[in-house]
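The values are calculated or read from the model by the stated rules, or taken from the named source; none is laboratory data. The structure displayed is predicted, hence computed values, not measured ones. Using ideal geometry, Cβ is built from the backbone for each residue, glycine included, and neighbour counts are taken over all protein chains shown.
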Amino acid sequence: MHTRGVSSYSTPLPHLWQQPRMSSGSASSPAPQPTRLQEFLRSCPLVTLCLMLLCVAVFVYENLSSFNAFIGAFAMSPASVLGEAQLYRVISAAFTHLSILHIGMNMLSLAAG
């Protein structure tokens with residue numbers, strides 16, 4: 001029977017910083033727990049990882065090169081797409097980012113999707 005304010009669980013939750021306890025009969029050490037990055041890399045599809053890597057590489061390149069020229073040549077511009085038939089801008093605009101916050105939020109949403 002559950003009473004108000006009293007938990008029905010008899011054992012306390014282990015602390016996150018404590019190592020798992022070994023039984024006295026086991027001679028082998030426990031397998032190391034994967035890190036969050038390792039878990040993410042295992043669970044994320046290869047296409048998503050490749051897109052994220054490409055976005056980060058383009059972001060680094062555009063910040064090391066002439067930023068304004070790069071953005072002007074590859075960012076989305078309806079006048080350039082429709083008027084000058086620069087259709088590549090429809091795809092290249094997905095890989096151009098203006099700030100670290102911009103690419104960070106885009107990579108977060110790409111990973112979550």
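The figures follow:
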item: Condition met for Arg89 (in a helix (DSSP H, G or I), touching a residue at least 12 places away in the same chain (Cβ under 8 Å) and of a type in the set (D, E, K, R)); result: yes
item: Which listed residue, of Ala31, Ala27, Ala69, is at pLDDT 85 or above and either not in a helix (DSSP H, G or I) or not β-branched (Val, Ile, Thr) (or both); result: Ala69
item: Within region 58-112, tally of residues that are surrounded by 11 or more Cβ atoms within 10 Å (Cβ to Cβ) and among the small types (Gly, Ala, Ser); result: 10
item: Identity of the residue in region 36-52, modelled with pLDDT of 90 or more and under 10 Å from the mean Cα position of the chain (by Cα), that ends up surrounded by the most Cβ atoms within 10 Å (Cβ to Cβ); result: Met52
